[in-house]
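The values are calculated or read from the model by the stated rules, or taken from the named source; none is laboratory data. Computed from a prediction, not measured in an experiment: that's the story for all the values here. All Cβ positions, glycine included, derive from the backbone under ideal geometry; neighbour counts span all protein chains shown. We work out accessible area using only protein heavy atoms, side chains counted, and drop any ligands, DNA or RNA first. Shrake-Rupley method; radii C 1.70, N 1.55, O 1.52, S 1.80 Å.
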Amino acid sequence: MKSKLRFLAPFFALALTACENFPRPSFPLLSSGSSVQNSSEDTSLSSDDPTSSTTSSSTSSSASSSSSNSSSSTSTGPIQEEKATVRVSSDIVGGAVVLEGYGTEAEVPLGTEIHLLATPEEGYSLTELTVNSVSVLSTLSFVAEEKTTYLVEAEFTEEVVTVTEGAIRFAGLDQDGSLSLDESNLVLENVDVASVSSSGLFHDSENDSSNFRMATGKNAGMVTFCFSEEITIEEVVLHYEPYHNDTPEVTVSTDSQSLAQGESSRTYDFGGELTSLLKIQCPSGKRIILSGIDIFFKEIEVVPVPATISITNEGNGDVSISPSSEWMVGDTITVTATPEEGNYLSRLTLNGANGKSLGNSRYSFVIKDVSNTLSAIFRERGAISEDYSYLYANESIFPDRGNQSVDIDEYYEPIRGLSGLALKEGLHDIIDDHEEFSYDSANDSLPVIDTDPFDSGKVHLIYQSQLKNRGVSFNKEHTWAKSHGDFGTRKPMGSDLHNLRMCHNNLNSTRSHLDFAEVSHSSSTSVVDKYDWAQSDMEGNYRGSNYFEPQDEWKGDVARIIFYMATRYDGGSGEVDLEVSGDIDTTRFYDFSSGADGLHGNFADLYEWATSGIDPVDDYEVSRNNVCDQEYQHNRNPFIDHPEFIIMIYDKNYDGPGALM
């Protein structure tokens, strides 16, 4: 048998040589700086080869024996895997490129797909990415197919920044007395104002039609301009004169800064802050005659950056994108998701974020990243999965009503089998009429309720990832902002312990009364990057002009609290009616917001946070629910005990057996 293998070895070698000569597509080859020796050139015999002991007087016989032995060694010895060298150029400026999973240089087996991660420096954009001079900007990846060196090069272009001067002037102010500004009174130059609001403004006989007085001797004056889109403000210059003998002190505010100055300096330096509004305030007794505002803001010429979109499709349905190719970061795309008969669209996201419904199974998304994933999930009607285990992460602590007369199973028994509005109303009846406490009493109860169940010396502060020592200073955060329904701190809405959370003082003020939703991530929205007082464990919180986005580890908690408030308070017994609102795709979800006293959003994001598993229920959350129920209010947040209830209430496509079934 061995002799047959030795006889066939030359044919194997010939076949391998033929395969090597077969043409296949490749990138241009680069010289690695050293030659590669072909193994077929080694024709020396091993000293322990039995043929080496045989002496031959024939040179051709010796050569034949040597050739035969070499071929045999090639076929029976170990085969080394061929590899390619991939290297990122060291001459890249304005950004950095790495090989995902490898760094900046690696040897990889042939056929390996290499993914490139390109990160521009601030003020730069990626405009070209090549491998051996072939552009891969649209894919950000390539396959190393040849035994050669692949050189990755990139071009980052500096963004063109110009400072534009805008102006706000006034007109049509002819009537004396108290004044309320509206858009018709504004004369705008290079700035778009969507709306204006004011208080404490007056037009006196000594004023002309283009200026007005701010404040009185007893009341402050204020005017707020909301821009059509966010602008990056460098400086604001006010044009005013003191009123009579007053000594002015005027405050100019943006989304996150407030600068107060006297009349000696009427230029306010905001250092390039992104803001959606500009507010001018004048305290009582420090009156001014305001005639105009100059705004100096940055405009950045955005360099178009190609983007890629990969589609993952689960279930029975079709997904299409318009336009179908040549996407750029910042583009808006329209996605059509069509389920097959007997199926429905359960979820459609781009990089985990929901789009905006356009009706007729069409949704719009804004491309925010270079590499994107569009995910669609279709479900069969009547075959709803009852496995909601992904919504639970509690391992040691479980719902428990303690020594109360109704145990946890009996507590929820009245809603068995319900779904939709009937389930929402049934849960309201269960958690309504709880024991009420004053707002001030929460100063003592919250440190008890928010104690970590595994370390009694530590407490949890909302929006922070690390435990704090018990006794830490805190503010009381109304997760459902008290202005959304205008209930303040009055019982029971303003003092509901399921809604109140211990919170860092400054972080509480920063979140303010904003709705919750996804926010564009940048240094101008990051709490840690934006505020000097921010602590490292606040990383992941973002504040936009209209929304606050909490850390991932708090997203589920926040959503379950908001849905609790919308279920607990329905307007009965003199209480306010609260409902979740904002960006509700009514083809997929029920909208209960009509006629409500207070609305909180954003529904699309809150629903996603509550049902996607991004932040499932944990031991601390269950422990808090237990303590609040057993020791204080004697009611529960049902969406901590059963997070799947949110799906059963709001999802129009849910046609399963109902709660607890």
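Compute the long axis of helix 59-76 from its Cα atoms, compare it with the longest principal axis of the Cα atoms of the chain, and write down the angle in degrees, 0 to 90, nearest 10.
30
Hey, if we sort Trp609, Trp327 by accessible area with the 1.4 Å probe, largest down, what's the order?
Numbers: Trp609 5, Trp327 35 Å².
The ranking, largest first, comes out as Trp327, Trp609.
Please report the relative contact order for the chain, taking Cα pairs under 8 Å with a sequence separation of at least 6, and give it as a percent rounded to a whole number.
Details: 1340 pairs, mean separation 60.5, N = 661.
Averaging sequence separation for qualifying contacts and normalising by length gives 9 percent for the chain.
Under 12 Å Cα-Cα from Lys530, which aspartates and glutamates qualify once same-chain neighbours fewer than 8 residues away are excluded?
Asp255, Glu273, Glu539
I'd like the Kirkwood hydrodynamic radius of the range 277-374, using the inverse of the mean 1/r over distinct C-alpha pairs, in Å.
Evaluated on the range 277-374, it is 17.1 Å.
Normalising by the residue count of the range 506-661, find the relative contact order in percent from Cα pairs under 8 Å and 6+ residues apart. Numbers along the way, then the final one.
Working: 227 pairs, mean separation 31.2, N = 156.
It comes to 20 percent, rounded to a whole number.
Give the value in nm², to one decimal: projected area of the alpha carbon convex hull of the range 576-639, averaged over all directions. Walk me through the numbers before you get to the answer.
Details: hull surface 21.8 nm².
Answer in nm², one decimal: 5.5.
From the mean inverse distance of alpha carbon pairs (Kirkwood) and the Cα radius of gyration, derive Rg over Rh for the range 449-523. Could the numbers behind the result be given before it?
Details: Rg = 13.7 Å, Rh = 13.6 Å.
Rg/Rh for the range 449-523 comes to 1.00.
Multiply the residue separation of Glu436 and Ser512 by 0.36 nm, subtract the distance between their alpha-carbon atoms, and state the gained length in nm to one decimal.
Numbers: separation 76, 0.36 × 76 = 27.36 nm, distance 2.47 nm.
Result for the pair: 24.9 nm of gain on full extension.
With the crude spin-label approximation of a point 7 Å out along Cα→Cβ, what separation in nm comes out for Thr162 versus His115?
In this crude label model, Thr162 to His115 measures out at 3.9 nm.
How far is helix 2-20 tilted, in degrees, relative to the longest principal axis of the Cα atoms in the chain, given as a value from 0 to 90 rounded to the nearest 10?
Once rounded, one gets 50 degrees.
Would you kindly give the portion of the calculated P(r) for the range 177-329 that falls above 18 Å, as a percent of all Cα pairs? Show your work: numbers first, answer last.
Details: 7450 of 11628 pairs.
Result: 64 percent of Cα pairs exceed 18 Å.
Mean shadow of the range 549-609, computed from the convex hull of its alpha carbons, in nm²? Walk me through the numbers on the way to the answer.
Details: hull surface 16.7 nm².
With every direction weighted equally, the projected area is 4.2 nm².
Per DSSP H run of n ≥ 4, the term is -39500 (n - 2.57); total these for the chain, divide by its residue number, and report the mean residue ellipticity at 222 nm rounded to 500 deg cm²/dmol. Working shown, then result.
Numbers: 12 runs with 119 residues, N = 661.
Using -39500 (n - 2.57) per qualifying helix, the result is -5500 deg cm²/dmol.
Anything over 21 Å Cα to Cα? Flag those among Lys476/Lys555; Lys368/Lys482; Lys218/Lys491; Lys424/Lys652; Lys482/Lys555, in the order listed.
Values: Lys476/Lys555 18 Å; Lys368/Lys482 33 Å; Lys218/Lys491 33 Å; Lys424/Lys652 13 Å; Lys482/Lys555 19 Å.
Too far apart for the 21 Å limit: Lys368/Lys482; Lys218/Lys491.
In whole angstrom, and with the biggest value first, how far do the Cα coordinates of the range 371-481 range along each principal axis?
Answer, in whole Å and largest first: 52, 51, 31 Å.
Ignoring ligands, DNA and RNA, how do Arg347, Arg213 rank by accessible area with a 1.4 Å probe, largest first?
Working: Arg347 65, Arg213 25 Å².
Ranked from most to least accessible, the order is Arg347, Arg213.
May I ask you to give the percent of accessible area on the chain that is carbon plus sulfur, with a probe radius of 1.4 Å? If you can, show how the numbers build up before the last one.
Details: 14850 of 32260 Å².
Roughly 46 percent of what the probe reaches on the chain is carbon or sulfur.
If ligands, DNA and RNA are left out, what is the accessible area of Ser264 with a 1.4 Å probe, given in Å² to the nearest 10?
Per-residue accessible area (Ser264): approximately 120 Å².
Express the accessible area of the range 479-539 per residue in Å², computed with a 1.4 Å probe while the remaining protein chains stay in the model. Don't skip to the end; give the middle numbers.
Details: 2350 Å² over 61 residues.
Normalised by residue count, the accessible surface of the range 479-539 is 38 Å².
Which aspartates and glutamates have a Cα lying under 15 Å from the Cα of Lys468, excluding residues fewer than 8 positions away in the same chain?
Asp450, Asp452, Asp455, Asp537
Of all DSSP beta bridges located in the chain, what percent are antiparallel, nearest 5?
Details: 120 of 137 bridges.
Counting only bridges with both partners in the chain, antiparallel ones make up about 90 percent.
Enumerate the calculated ³J(HN,Hα) couplings along the range 545-553 in order (Karplus 6.51 cos²θ - 1.76 cosθ + 1.60, θ = phi - 60°), each rounded to whole Hz, writing x wherever the residue is Gly or Pro.
Coupling constants for the range 545-553: 6, 10, 9, 10, 10, x, 4, 4, 6 Hz.
Can you give me the solvent accessible area of Arg287 with a 1.4 Å probe, rounded to the nearest 10 Å²?
Accessible surface of Arg287 is approximately 50 Å².
For Val366 and Ser195, compute 0.36 nm times the residue count separating them, minus their Cα-Cα distance, and round to one decimal in nm. The partial results should precede the final answer.
Numbers: separation 171, 0.36 × 171 = 61.56 nm, distance 2.51 nm.
That pair, Val366 and Ser195, stretches by 59.0 nm at full extension.
Gln80 to Thr104: FRET efficiency via 1/(1 + (r/R0)^6), r the Cβ-Cβ distance, R0 30 Å, to the nearest 0.05?
Between Gln80 and Thr104 the formula returns 0.75.
So with the 1.4 Å probe, I'd like the accessible area per residue for the range 242-296, rounded to whole Å². Working shown, then result.
Details: 2170 Å² over 55 residues.
Ligands and nucleic acids excluded, the result is 39 Å² per residue.
Mean shadow of the chain, computed from the convex hull of its alpha carbons, in nm²?
Numbers: hull surface 175.8 nm².
Taking the Cα atoms of the chain, their convex hull projects to 44.0 nm² on average.
Please give the solvent-accessible surface of Asp432 in Å², to the nearest 10, using a probe radius of 1.4 Å with every protein chain present.
30
Given N residues in the range 101-228, what is Rg(Cα) / (2.2 N^0.38 Å)?
Values: Rg = 29.2 Å, N = 128, 2.2 N^0.38 = 13.9 Å.
Scaled against compact globular proteins, the figure is 2.10.
Among the chymotrypsin sites (Phe, Trp or Tyr not before Pro) within the range 384-478, which fall in a DSSP loop and have no more than 12 other Cβ atoms within 10 Å of their own Cβ?
Working: sites: Tyr388, Tyr390, Tyr392, Tyr411, Tyr412, Phe437, Tyr439, Phe454, Tyr463, Phe474; in loops: Tyr388, Phe437, Tyr439, Phe454, Tyr463, Phe474.
Here the chymotrypsin sites (Phe, Trp or Tyr not before Pro) that fit, given the DSSP loop and packing criteria, are Phe454.
Write down Rg/Rh for the range 382-434, rounded to two decimals, with Rg from the C-alpha atoms and Rh from the Kirkwood relation over Cα pairs.
Numbers: Rg = 13.7 Å, Rh = 13.5 Å.
That ratio equals 1.02.
Please check which bits of the range 115-151 a label hung off Ser325 would reach, taking the label as a point 7 Å along Cα-to-C-beta and the cut-off as backbone N under 13 Å.
In the range 115-151, the label zone of Ser325 (backbone N under 13 Å from the point 7 Å along Cα→Cβ) covers 138-139.
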